[in-house]
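Visitor: After the structure tokens below, expect a handful of questions from me.
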Amino acid sequence: MQIKRLRISGFKSFVDPADLVIEPGLTGVVGPNGCGKSNLLEALRWTMGENSARSMRGAGMEDVIFAGTATRPPRDFAEVTILAEREGEETEIVRRIERGAGSAYRIDGRDVRAKDVALLFADAATGAHSPALVSQNRIGAVIAAKPAERRAMLEEAAGISGLHVRRRDAETR
Ligand code: ATP
Ligand code: MG
């Protein structure tokens, strides 16, 4: 799977809609302190299904919604769209959160469960907990991980953790 575009609206400091094109290869995000670099990676992880508010550096999940500044009122919702290419086909994953209404997910315009999004990313060695996405505070976590946790990280990097997700899903049907 290749992520080709990221559209962010109302998510953290991205109050105005931002449309980012991600070219193949290595992508670097540069800018002064506080300009939103970490928020950008968080938007990506959040859309992939991250459900820990703490790992989004908030107390509750609604803290990802633009909270307002001295000159701009807060927003009621945040929405992030990932445009990806999978086996030659384009697919669009959307996560939206509204104040008081929680999160909703769509894949290619259809309402889906959070689990469906997790399954979509499970095989791709991407996903919200992928070691491919290393945030500032996670570098220490990788170093300090217990062997079992590190094994899980390696399995994910190798793209086989999706098999466990699939098996659990199959067992609960
Ligand atoms: P550094 O170089 O220090 O790591 P950074 O580019 O990673 O900085 P971020 O942490 O992504 O910066 O962005 C921090 C900014 O995002 C702060 O100005 C903070 O006020 C703003 N921010 C975070 N959450 C929200 C929110 N819900 N609403 C509005 N602004 C927010
Ligand atoms: Mg940062």
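Visitor: Return the distance in nm (one decimal) between the two label points of a simple spin-label model at residue 16 and residue 99, each offset 7 Å from Cα along Cα→Cβ.
Guide: Between residue 16 and residue 99, the label points sit 2.2 nm apart.
Visitor: Any aspartates and glutamates with Cα under 17 Å of the residue 12 Cα? List them, leaving off those in the same chain fewer than 8 positions away.
Guide: 42, 50, 62, 63, 76, 79, 98
Visitor: Using Cβ contacts closer than 10 Å as the measure, can you line up 66, 11, 77 from fewest to most?
Guide: Numbers: 66 20, 11 29, 77 16.
Result, fewest neighbours first: 77, 66, 11.
Visitor: Taking 41 Å as R0, compute the FRET efficiency from the Cβ-Cβ separation of residue 148 and residue 67 and round it to 0.05. Each step should come with its number before you reach the end.
Guide: Values: r = 37 Å, r/R0 = 0.91.
So, using R0 = 41 Å, E works out to roughly 0.65.
Visitor: Name the long-range amide H neighbours of residue 15: under 5 Å, sequence gap of 5 or more, or other chain; modelled H, no Pro or chain starts.
Guide: Here the answer is 10, since their amide H atoms fall under 5 Å of that of residue 15.
Visitor: Taking the Cβ of each residue in 146, 4 as the centre, tally the other Cβ atoms inside 10 Å and list the residues starting with the fewest.
Guide: Numbers: 146 8, 4 15.
If I rank by nearby Cβ atoms, fewest first, I get 146, 4.
Visitor: Hey, another quick one. Amide H of residue 48 versus every other amide H placed in the peptide plane: which residues, excluding those fewer than 5 positions away on the same chain, fall under 5 Å?
Guide: The answer is none.
Visitor: Would you please give the FRET efficiency between residue 41 and residue 155, computed as 1/(1 + (r/R0)^6) with r the Cβ-Cβ distance and R0 = 25 Å, to the nearest 0.05? Don't jump to the answer; show the numbers that get you there.
Guide: Values: r = 22 Å, r/R0 = 0.87.
It comes to 0.70.
Visitor: May I ask you to derive the FRET efficiency for residue 23 and residue 170 from their Cβ-Cβ distance with R0 = 30 Å, giving the value to the nearest 0.05? Working shown, then result.
Guide: Details: r = 37 Å, r/R0 = 1.22.
It comes to 0.25.
Each reported figure results from applying straightforward, stated rules to the coordinates on display, with no laboratory input. Fair warning: this is a prediction, and the values are worked out from it, not measured in the lab. Please note: Cβ atoms are built from the backbone with ideal geometry, for glycine as well, and neighbour counts cover all protein chains shown.
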